[in-house]
Amino acid sequence: MNLRRTAVGAALALALPLAACGGSDDAESGAWTFTDDKGTEISLDAVPERLVVQTSVAAALTDLGLGDRIVGVFGPLEGPDGGIDPQADGLDADSVEDVTGGGDYGDVNLEALAELEPDLIITSMYLEPQLWYVNEDVQSKLEDSYDLAVINFEGETLSGIFDNTERLAAALGADESDFEEGRAAFEQAGERLQGLVDDAGDPTFEAVSPDTDIMYVSNPDANPDLKYYRDELGLDLITPDESDLDEGGYWHSVSWENADTYDADVAIWDARGGEATLDAFKDQPVWNKVTAAEEDHYVPWHSVAPPSAQGYANVIERFADDLESLGLR
């Protein structure tokens with residue numbers, strides 16, 4: 001599987017002020033209005049009760065107390081090594097209908113979707129106007145037939161992503177006081193990871209993803225989680241020079257013959273392809289000259305996660321567990 005090309009297609013295929021509820025007339029009539037992060041104003045006769053949601057956003061809305069409203073999902077649900085996909089962590093796969101289509105990236109089974117009679121479809125975007133896990137053809141059909149709310153991730157910090165998700169959740173009727181628990185868990189997880197890194201003597205980290213002929217070194221400035229690790233928690237994370245970045249600025253691609261361009265103590269490897277991805281690194285002789293490879297210091301990187309504070313708290317706790325298991329001192 002071409003993991004990074006899929007990511008490119010998603011990112012390239014990958015906020016507004018608070019403005020959600022209608023006025024007093026709407027409140028009296030039971031109507032619901034919301035302006036999403038694309039600037040689209042949605043007006044419904046009532047608060048939407050039947051939601052079909054992209055899987056990572058569905059997991060986040062579940063964290064925020066709206067799981068009982070989600071009747072269907074689309075996008076990755078089962079992970080490459082079995083079980084729930086990390087980006088859908090927290091979802092009960094048996095309680096929702098999966099309407100992901102059987103075609104190429106971003107396909108949705110429109111007949112199965114129609115049978116669910118959704119009041120609202122929810123997804124996200126990394127690069128406006130293209131939607132996450134919705135291809136161009138499906139996007140056009142969804143926009144013609146359904147009300148569609150979009151959460152923006154592009155150019156946002158992790159905190160900004162949480163804000164955008166919580167804004168929609170609050171408009172849907174989630175209890176905002178419950179959001180604080182996730183925020184606290186996120187802060188606690190960050191403090192734990194920061195402490196482990198300090199105790200390990202501030203090792204260097206490199207976020208990497210393999211492809212057939214090249215390796216991608218991720219740019220923290222284009223990845224909100226990596227940027228948070230570097231700027232907020234102080235991780236010494238390799239950042240390619242701007243002049244070396246590929247178009248779009250997401251990464252620096254290097255041939256496998258130059259896989260030792262950067263050296264790091266720990267490799268954060270793109271885990272979307274499961275253990276097969278890690279095996280791809282271990283088969284590369286030049287890469288195995290890098291300190292992280294020589295020492296077998298690998299930590300899975302879940303680059304897509306539920307966009308809630310609790311979702312990322314879980315990701316950071318797993319990161320901390322994996323880092324701790326390396327026994328760095």
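Can you find a residue in segment 147-157 that is of a type in the set (Gly, Ala, Ser) and over 18 Å from the mean Cα position of the chain (by Cα)? Spell out how you get there, then give the answer.
Taking segment 147-157 and keeping what is of a type in the set (Gly, Ala, Ser), we get 149, 155.
Okay, now just the ones that are also over 18 Å from the mean Cα position of the chain (by Cα), so none.
The answer is no, given that none of the residues of segment 147-157 is of a type in the set (Gly, Ala, Ser) and over 18 Å from the mean Cα position of the chain (by Cα).
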Exception for ASP270 within (1) modelled with pLDDT under 95; (2) in contact with a Phe, Trp or Tyr (Cβ under 7 Å, 6 or more places away or on another chain); (3) surrounded by fewer than 17 Cβ atoms within 10 Å (Cβ to Cβ) falls at (3)
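Each row is one residue, and each column tells you yes or no for (1) open to solvent by 30 Å² or more (accessible area, probe 1.4 Å); (2) assigned to a strand (DSSP E or B); (3) modelled with pLDDT of 95 or more.
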residue: ASP37; (1), (2), (3): no, no, yes
residue: ILE42; (1), (2), (3): no, yes, yes
residue: PRO48; (1), (2), (3): no, no, yes
residue: VAL53; (1), (2), (3): no, yes, yes
residue: ALA59; (1), (2), (3): no, no, yes
residue: GLY65; (1), (2), (3): yes, no, yes
residue: GLY72; (1), (2), (3): no, yes, yes
Could you grab me the full set of residues in segment 283-319 that are in a helix (DSSP H, G or I) and surrounded by fewer than 20 Cβ atoms within 10 Å (Cβ to Cβ)?
ASN288, LYS289, THR291, GLU294, GLU317, ARG318
Tell me which residues, restricted to segment 120-151, are polar (S, T, N, Q) and either touching a Gly at 6+ places or on another chain (Cβ under 7 Å) or crowded, with 22+ Cβ neighbours inside 10 Å (or both).
THR123, SER124, ASN135
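Within segment 88-126, work out how many residues are assigned to a helix (DSSP H, G or I) and touching a Lys or Arg at 6+ places or on another chain (Cβ under 8 Å).
Going through segment 88-126, the residues assigned to a helix (DSSP H, G or I) turn out to be 88, 93-95, 110-116.
With touching a Lys or Arg at 6+ places or on another chain (Cβ under 8 Å) added as a condition, the list becomes 110, 116.
Summing the residues that are assigned to a helix (DSSP H, G or I) and touching a Lys or Arg at 6+ places or on another chain (Cβ under 8 Å) in segment 88-126 gives 2.
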Every residue in segment 261-282 that is among the acidic types (Asp, Glu) and part of a loop (DSSP other than H, G, I, E, B), please.
ASP263, ASP265
Which residues, taken from segment 89-109, are more than 23 Å from ALA271 (Cβ to Cβ), at pLDDT 90 or above and open to solvent by less than 60 Å² (accessible area, probe 1.4 Å)?
VAL96, VAL99, GLY101, ASP107, VAL108
Counting only residues that are in contact with a helix residue (DSSP H, G or I) (Cβ under 8 Å, 6 or more places away or on another chain) and among the basic types (Lys, Arg), segment 267-308 contains a total of 2
If we keep only residues of segment 74-88 that are open to solvent by less than 20 Å² (accessible area, probe 1.4 Å) and under 11 Å from the mean Cα position of the chain (by Cα), then the residue modelled with the highest pLDDT is ALA88
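The values are calculated or read from the model by the stated rules, or taken from the named source; none is laboratory data. Keep in mind it's a predicted model, so treat the numbers as computed, not measured. Every residue, glycine as well, gets a Cβ built from its backbone with ideal geometry; the counts of neighbours run over all protein chains shown. These accessible areas exclude ligands, DNA and RNA; they are computed on the full protein's heavy atoms, side chains included. Shrake-Rupley method; radii C 1.70, N 1.55, O 1.52, S 1.80 Å.
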